[in-house]
Amino acid sequence: QVQLVESGGGLVQAGGSLRLSCAASGSIFSINRMGWYRQAPGKQRELVAAITSGGTTNYADSVKGRFTISRDNAKNTVYLQMNSLKPEDTAVYYCNAAVLARSTYRMGDYWGQGTQVTVSS
């Protein structure tokens, strides 16, 4: 079993910054892609940013230049540094990881429980 635990969400004023963290634990052999998604009320879940094990990143157009995704492979942790936050960034942010499980040697897609980010105007 694999668990993803997020932290770092909260309430911030527009223009402020937050840093999200997501630590993976459990039966992990390796982790391929890690990413952050978000879902605002009444909207579909969307990709915010993703990073491969080799460090290749991609971002949603709406966050390019403001958000930075990074990871620490030794700690099985992914981060999302969010700067210049806007009210439209308000959403529940979910961590996602493609994990090769040690116990089954099968690749699985895992999600965190979500963390609320609220940006006030």
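The values are calculated or read from the model by the stated rules, or taken from the named source; none is laboratory data. Model, not experiment: these values are computed from the prediction. Cβ: placed from backbone, ideal geometry, glycine included. Neighbour counts: every protein chain shown. Ligands, DNA and RNA are excluded from the accessible area calculation, which covers all protein heavy atoms including side chains. Shrake-Rupley method; radii C 1.70, N 1.55, O 1.52, S 1.80 Å.
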Practice item. Can you send over the carbon and sulfur percentage of the accessible area for segment 35-106, probe radius 1.4 Å, protein chains only? Key: 46 percent
Practice item. Please compute the Cα-Cα pair-distance distribution of segment 49-121 with 10 Å bins starting at 0, giving whole percents from short to long. Key: 16, 46, 28, 8, 1
**Study point:** Rounded FRET efficiency, nearest 0.05, which uses the C-beta distance separating Ser121 from Ala23 and R0 of 22 Å
**Key:** 0.10
Study note, to complete from the structure: The rounded separation in angstrom of the Cα centers of segment 3-22 and segment 73-117 is 11 Å
Review point. Setting aside same-chain residues fewer than 8 positions from Lys75, which aspartates and glutamates have a Cα under 20 Å from its Cα?
Key: Glu6, Asp109
Review point. Around Gly114, which amide H atoms from residues at least 5 apart in sequence, or from another chain, sit under 5 Å from its own amide H, with H modelled in the peptide plane?
Key: Glu6, Cys95
Check your understanding: Under 5 Å between amide H atoms, partner at least 5 residues away or on a different chain: which partners does Val2 have, H built in plane at 1.01 Å?
Key -> Ser27
Review point. Given the protein chains as shown and a 1.4 Å probe, how many square angstrom of Asp109 are accessible, to the nearest 10?
Key: 100 Å²
Review point. In nm, what is the difference between 0.36 nm times the number of residues separating Ser7 and Leu47 and their Cα-Cα distance?
Key: 12.6 nm
Practice item. Starting from the Cα of Lys64, draw a straight line to each of the aspartates and glutamates and keep only those under 18 Å, dropping any in the same chain fewer than 8 residues away. Key: Glu46, Glu88, Asp89
Study note, to complete from the structure: Taking placed amide H atoms and a strict 5 Å upper bound, the residues 5 or more places from Ser30 or on another chain that come that close are Leu100
Exercise for review: Give the accessible surface of the chain per residue, rounded to a whole number of Å², with probe radius 1.4 Å and ligands, DNA and RNA excluded.
Suggested key: 52 Å²
